[in-house]
Amino acid sequence: MENASGSTEFHFVFTVSADEDKFYRKIVAEGLKGLIDDWIVRGIPLLSFLIIIIPVGIAAYRDSLASSAPYVSELSFAAAWAGAILAKVWGTRRLNDEVFKRLRSGKITWEASFDDQLVVFKAGEIESRLPWTAISAVQAVGSIVVFWLDLRGGFYLPVRLLADTNSRDAFVAWASQRAQNNAAERTPSVSHFAHE
C-alpha cells in the first residue's frame, strides 16, 4: 500500500505454526546440502567398511574365522550405518520440535513492517531493523515467503498473510526489487542464496 509521501509500506501481525517452521528449516537444509563434501558423507563410511571387511575377509580366507564372518560383518556394518542415519534424522527432528516448543515460537506474536528503506521484525520486546542491503534475496516457496540474509537462512512470512496468489506475487516482486536495488551497497559478507 502507498502512503501520502508516495512510498510503499506493508505491516503484518502474525504467529507461526509448527508446520511453517518445519518447512522453513527444510528449505534451509536443502539449500545447504550442496555445500556438504561427498567425501565426508560417502567416503568415510566406505573407508570404515573396508577397514572392517578386509581383515575379516583375509582371516576367513585363511580359515581363522568361520566362512560366514565376512557376511555377518557386512550385515552388522550396514545395520549400524542405517541405525546411525535414522538416529541423526530422528534426533534432529526431535531437537527442532523441542526448540520450537521451548522458544514458544508458535505463541509469540510477530510484527513485520516493510517500507522502501527498512525491514523491521519484532517479537515481543525484541526488535530487529534491517536495511534492504541486508537482504540477499526474496522468494515465495510453498507456504512461506523467505527473506534470505545469507546461506544459513534469514526470516520468513507465512503466505496466508497475503490475500491471494496475486497479492503474494506483487509483494514478492516489490520486496525483490528493493533487495536488488540495494545489491550494489550489499556488504561482501552477505551472499545471495542460490535457491531460485
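The values are calculated or read from the model by the stated rules, or taken from the named source; none is laboratory data. Nothing here was measured: the structure is a model prediction, and the numbers come from that model. Backbone-built Cβ (ideal geometry, glycine too); neighbour counts: all protein chains shown.
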### Task
Would you point out the residue of segment 20-56, among those that are exposed (fewer than 13 other Cβ atoms within 10 Å of the Cβ) and among the acidic types (Asp, Glu), that is nearest to ASP115 (Cα to Cα)?
GLU30
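Residues are listed down the side, and each one gets a yes or a no for (1) outside any strand (DSSP E or B); (2) in contact with a Lys or Arg (Cβ under 7 Å, 6 or more places away or on another chain); (3) hydrophobic (A, V, I, L, M, F, W, C):
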residue: GLN139; (1), (2), (3): no, no, no
residue: VAL146; (1), (2), (3): no, no, yes
residue: LEU149; (1), (2), (3): no, no, yes
residue: PHE155; (1), (2), (3): no, no, yes
residue: ASN166; (1), (2), (3): yes, no, no
residue: ASP169; (1), (2), (3): yes, no, no
residue: VAL172; (1), (2), (3): yes, no, yes
residue: ALA175; (1), (2), (3): yes, no, yes
residue: ALA179; (1), (2), (3): yes, no, yes
### Query
Going by the conditions given, is SER64 assigned to a loop (DSSP other than H, G, I, E, B) and on the phi < 0 side of the Ramachandran plot?
yes
### Query
Do we have any residue at all in segment 84-95 that's more than 20 Å from the chain's Cα centre (by Cα) and assigned by TED's automatic domain parsing to the domain that holds GLY43?
yes
### Summary
When (1) of a type in the set (S, T, N, Q); (2) surrounded by fewer than 17 Cβ atoms within 10 Å (Cβ to Cβ); (3) modelled with pLDDT of 85 or more are applied to ASN181, the one that fails is (3)
#### Entry: Criterion: farther than 30 Å from TRP110 by Cα and of a type in the set (Lys, Arg) - qualifying residue of LYS26, LYS33, LYS88
LYS88
### Restricting segment 115-137 to residues that are assigned to a strand (DSSP E or B) and of a type in the set (D, E, K, R), the residue that is nearest to THR15 (Cα to Cα)
LYS122
